[in-house]
Amino acid sequence: MTPFIAELFGTAIVIIIGNGVVANVVLPKTKGNNAGLLAIVLGWMIAVFVGVYITSSTSGGHLNPAVTIALAVAGKFAWNKVAMYILAQMLGAMIGALIVWIIYRPQFNEASNSGDQLACFSTGPSIRDLKQNILVEALASCVFLLGIIFIQPASIEMGAMSALPVALLVAGIGFGLGGPTGWAINPARDLGPRIMHFILPMKGKGSSDWDYALVPVAGPIIGGTLAAFIYLQFLQ
């Protein structure tokens, strides 16, 4: 398995499990309908654990453009590999969203709320204020990437079990900082599925909310770059 395939496959797994649990919770006529925030956070924690566990020994298990860029800024990843990793992550996220749609297609068509449909693909704010929303995503991503920067060297010795601290970090961010924006902290996780929401047919489908789409892309990249700067200036 090449690093490109690892990042593509790993990101697809993350989206299949993560967005899959969101679909199970928010869509009508599912076994998990209304299971709540706990189910969603635990689902994303498991999704990240599995994705990183599978890919860490091959690609480092980035599965997130913000991680790739932040590690490059921090001098822990080669810049000439950044574009290839981001392309793989975006394609993987789109494939993962497609598979979730295939699995839950009847439930998507039963949904009376177009916002619930979109929530199974991408994030949205609890209170829409784009400046505040970007700030929240940037700060949440900064905390996340500071953790990743310190976890990442340990992955050499820990191997695939480095996935566990990453998964716990994702869960902690979700429980603590996920309320305002749904803690995207990953541009591919949001943009790839949002593109698929725009493309795929669903009964009663509404807007893909492109006015908000910049927030979960720019926020994590800003936050990740800030985390790398803090690391280089104060923590290494």
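Couple of notes before you dig in:
- Around LYS205: net Lys/Arg minus Asp/Glu count, Cβ-Cβ under 14 Å: 0
- Under 15 Å of direct C-alpha separation, and excluding same-chain neighbours fewer than eight residues apart, LYS29 reaches these aspartates and glutamates: GLU110, ASP116.
- Inter-part distance where region 22-97 and region 191-221 are each reduced to a Cα centre, Å: 16
- Label zone of ASP129 (point 7 Å out along Cα→Cβ, amide N under 14 Å): in region 174-190 this covers 180-181.
- Of the residues ILE149, ILE230, PHE175, the one whose Cα sits farthest towards the positive end of the charge dipole of region 117-236 is PHE175 (charges of +1 on Lys and Arg Cβ, -1 on Asp and Glu Cβ, taken about the Cα centre).
- In the chain, the longest principal axis of the Cα atoms and the axis of helix 215-230 are about 20 degrees apart.
- Couplings for region 39-55, taken from phi via the Karplus curve 6.51 cos²θ - 1.76 cosθ + 1.60 with θ = phi - 60°, read 5, 5, 5, 5, x, 5, 4, 5, 4, 5, 4, 5, x, 6, 4, 5, 10 Hz in order; Gly and Pro are left as x.
- Average Cα contact separation per residue, region 67-197, under 8 Å, 6 or more apart, as relative contact order %: 40
- Extension gain, ALA78 back to LEU139 (0.36 nm per residue minus Cα-Cα distance, nm): 19.5 nm
- Remark: spin-label model distance THR58-PHE198 equals 2.9 nm, labels positioned 7 Å along the Cα→Cβ axis.
- Local net charge near GLN107, Cβ-Cβ under 15 Å (Lys/Arg +1, Asp/Glu -1): +3
- Taking other Cβ atoms within 10 Å as a rough exposure proxy, VAL50, VAL14, VAL100 sort from fewest to most as VAL50, VAL100, VAL14.
- Taken along the Cα-to-beta-carbon direction at a fixed 7 Å, the label points for ARG105 and GLN233 span 5.2 nm.
- Helix-only mean residue ellipticity at 222 nm for the chain, each DSSP H run of n ≥ 4 adding -39500 (n - 2.57), per residue, nearest 500: -23000 deg cm²/dmol
- Debye, to nearest 20: dipole size of the chain, +1 on Lys, Arg Cβ, -1 on Asp, Glu Cβ: 280
- Relative contact order (%) - criterion: Cα under 8 Å, at least six apart; region: the chain: 30
- Equivalent ellipsoid dimensions for the chain as semi-axes, Å, which come from the Cα gyration tensor, largest first: 28, 19, 16
- For the chain, the longest principal axis of the Cα atoms and the long axis of helix 82-103 meet at an angle of about 30 degrees.
- Computed from Cα atoms, the angle from the helix 187-199 axis to the main principal axis of the chain rounds to 30 degrees.
- Most mobile of PHE175, PHE150, PHE198 in a GNM of the chain (Cα contacts under 10 Å): PHE150
- Ascending count of other beta-carbon atoms within 10 Å, so fewest first, for LEU169, LEU130: LEU130, LEU169
- Cut-off 12 Å, label 7 Å out along Cα→Cβ of LEU37, residues of region 171-198 by amide N: 173-183
Read-outs: derived from the displayed coordinates by stated rules, not from any lab. Since the model is a prediction, treat every value here as computed from it, not as a measurement. As a convention, Cβ positions derive from the backbone with ideal geometry for all residues, glycine included, and neighbour counts pool all protein chains shown.
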